[in-house]
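*Asks:* Below you will find the structure I want to go over with you.
The values are calculated or read from the model by the stated rules, or taken from the named source; none is laboratory data. Bear in mind that the values here come from a model prediction, so they are computed numbers and not experimental data. Here the Cβ is made from the backbone with ideal geometry for all residues, glycine too, and neighbour counts use every protein chain on show. These area figures cover heavy atoms from the full protein model, side chains too; ligands, DNA and RNA do not enter into them. Shrake-Rupley method; radii C 1.70, N 1.55, O 1.52, S 1.80 Å.
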Amino acid sequence: MRARHHLTDLQSAKTQEMAFTNVVAVMAAAALLLAATTPSPAQAAAPAAAKPMAAPAAAGGAPSVPAGPLDITKLGAKGDGKTDSTKAILEAWKNACGATGTQKILIPQGNFLTGALELSGPCTSQIIIRLDGNLLGTGDLNAYKKNWIEVMHVEHFGINGRGIIDGQGPLVWKNNECAKNYNCKIMPNSLVLDYVTNAQIRGVTLLNSKFFHMNIFMSTNVEIEKVNITAPGDSPNTDGIHIGDSSNITIKATTIATGDDCISIGPGSKGIRVQGVRCGPGHGISVGSLGRYKDEKDVEDVTVTDATLVGTTNGLRIKSYEDSKSQLKACKFVYDGVTMDNVSFPIIIDQKYCPNNICVKSGASKIAISDIVFKNVRGTSATPEVVTLNCANNLPCQGIQLVNVDVKYNKPGNTTMAICHNAAGKTSGVPKELACL
């Protein structure tokens, strides 16, 4: 059943929007200061084939009058759940993008059906989409080129409100063949940020995506706060938030319950902060998989704090292909203050990841994993194997730390255990059965 929508009063809406504008201003100032001394991580990681983005005009100062309305219902959108509102939303975006100052697109109460929404920049304004109603992604797959809502080449952007971004995945999940074919046709992701700088997604719900709920690529300075992401535990490939080739991404006070990874951190990710996230059901919080493709970049500086995982099929996981196509590093990760509640395989490093048996099992990895700290991790495991460090024969994991880790198998008659292969490091304040390093 679709979650009921609750409107905030006008005063609350204005307060939230003002708070967002202040956040954007601070983030923009920080980004400009950093840019004066060094290129952004996104620029450094950009592929050679990527076309340079035209520099937008300054997005500050007093707002100008847009060329047309920003309330989508004044542009022909109808919140009846049946009428196609794609054209109206794209027109509102065009009006806001061409103006200056802070422009606020309003999606009022109602259910607005749409096809693909390509929200492209560069823009000369700071754009906030106020989502008080619900967006419904059509079940007609012919209506999408690739993704559903895709924000591209935009600086200073936000979505806030109490509305729902409903991918209507149950209409098409039966067409997902990825469990049978690893090189399957990809379904549309719900919300995609491509080449976006200084953005905040706050307060909204993402529901029942066709594929990933949110995908962040080649973006920097993005904050996701108080977002709810929900799909059934058996829904296919409905990752909550996937991050790739991006830097300075913060996810906080967010609840994620899906059929795949709650959060997946892919190659080229740096400066990732996950704070106060609740995950489950799902596949846990994952780094990787790494090494599937050529020319992947390092993953560095990842911090997960004050997280709770409930009933997930994995807990904190780092995974790389056994026959990795790229040579890269995964290093400087800290997991601190994590609670496990009936989680299968709570702590995993797997350098011999090989889904669907598509790998050459040579044991010769090219992924160097080092400086990984698991600290203050407590709770219960649904499997006896609480710690699994399955590192490569030719490239052992280095600098692994287990500090104050106390997770117990929650079934009678079995022993909590740890399995460590080719892993070097140290333990402190852990039960004897987990001190395998």
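*Asks:* Ranked highest first by average number of other Cβ atoms within 10 Å, how do 170-181, 267-278, 139-150 line up?
*Replies:* On the way: 170-181: 13.5, 267-278: 21.0, 139-150: 16.4.
Sorting 170-181, 267-278, 139-150 by mean packing, highest first, produces 267-278, 139-150, 170-181.
*Asks:* Can you tell me how segment 84-235 classifies by the Cα gyration tensor, rounded, prolate or oblate, using a/c under 1.5 as the rounded cut? Write down the numbers at each step before the final one.
*Replies:* On the way: a/c = 1.69, a/b = 1.56, b/c = 1.08.
Judged from the Cα gyration tensor, segment 84-235 comes out prolate (a/c at least 1.5, a/b above b/c).
*Asks:* From Cα pairs below 8 angstrom and at least 6 apart in sequence, can you work out the relative contact order of the chain, rounded to a whole percent? Walk me through the intermediate numbers first.
*Replies:* On the way: 1313 pairs, mean separation 34.8, N = 437.
The normalised contact order for the chain reaches 8 percent.
*Asks:* Relative to the longest principal axis of the C-alpha atoms of the chain, give the angle of the C-alpha long axis of helix 10-35, reported between 0 and 90° and rounded to the nearest 10°.
*Replies:* Helix 10-35 sits roughly 70 degrees off the main axis of the chain.
*Asks:* Answer rounded, prolate or oblate for segment 150-241, using the Cα gyration tensor with square roots of eigenvalues a ≥ b ≥ c: rounded when a/c is under 1.5, else prolate when a/b is larger than b/c, else oblate. List each step's numbers first, then the result.
*Replies:* On the way: a/c = 2.65, a/b = 1.55, b/c = 1.70.
Cα axes put segment 150-241 in the oblate bin.
*Asks:* On a 0 to 90 degree scale, rounded to 10, what angle separates helix 86-97 from the longest Cα axis of the chain?
*Replies:* With rounding to tens, the tilt is 80 degrees.
*Asks:* Follow-up. Can you pull the percent of the chain's accessible area that's carbon plus sulfur, 1.4 Å probe, other chains left in place?
*Replies:* Working: 9760 of 18660 Å².
Its accessible area is 52 percent carbon and sulfur atoms.
*Asks:* For segment 220-295 and segment 380-419, write down the distance between their C-alpha centroids in whole Å.
*Replies:* So the two Cα centres are separated by 23 Å.
*Asks:* Between TRP93, GLY121, GLY311, whose Cα lies farthest towards the positive end of the dipole of the chain when Lys and Arg beta carbons carry +1 and Asp and Glu beta carbons carry -1, centred on the Cα centre?
*Replies:* So the residue furthest toward the plus end is GLY311.
*Asks:* Comparing SER324, SER64, SER344, which has the greatest mean-square fluctuation in the GNM of the chain with Cα pairs linked when under 10 Å apart?
*Replies:* Comparing SER324, SER64, SER344 in the GNM, the peak value goes to SER64.
*Asks:* So, one more: At 1.4 Å probe size, with every protein chain present, just tell me what the per residue accessible area of the chain comes to in Å². Walk me through the numbers on the way to the answer.
*Replies:* Numbers: 18660 Å² over 437 residues.
That works out to 43 Å² for each residue.
*Asks:* In terms of the Cα gyration tensor, with a ≥ b ≥ c the square roots of its eigenvalues, is segment 122-165 rounded because a/c is under 1.5, prolate because a/b exceeds b/c, or oblate?
*Replies:* Values: a/c = 3.82, a/b = 1.30, b/c = 2.95.
Judged from the Cα gyration tensor, segment 122-165 comes out oblate (a/c at least 1.5, b/c at or above a/b).
*Asks:* Taking C-beta distances below 4.7 angstrom as the pairing criterion, name the unpartnered cysteines of the chain, in sequence order.
*Replies:* CYS331
*Asks:* For the chain, with a Gaussian network of springs between Cα atoms less than 10 Å apart, report the residue from GLY337, GLY244, GLY68 with the top mean-square fluctuation.
*Replies:* Looking only at GLY337, GLY244, GLY68, the biggest GNM fluctuation is shown by GLY68.
*Asks:* Per DSSP H run of at least 4 residues, take -39500 (n - 2.57); add these up for the chain, divide by its residues and hand me the 222 nm value, nearest 500 deg cm²/dmol. Let's see the in-between values first.
*Replies:* On the way: 3 runs with 43 residues, N = 437.
So the calculated ellipticity at 222 nm is -3000 deg cm²/dmol.
*Asks:* Right, here's the next one. Using a Förster radius of 45 Å, what is the FRET efficiency between THR303 and VAL360 based on their Cβ-Cβ separation? Nearest 0.05, please.
*Replies:* 0.85
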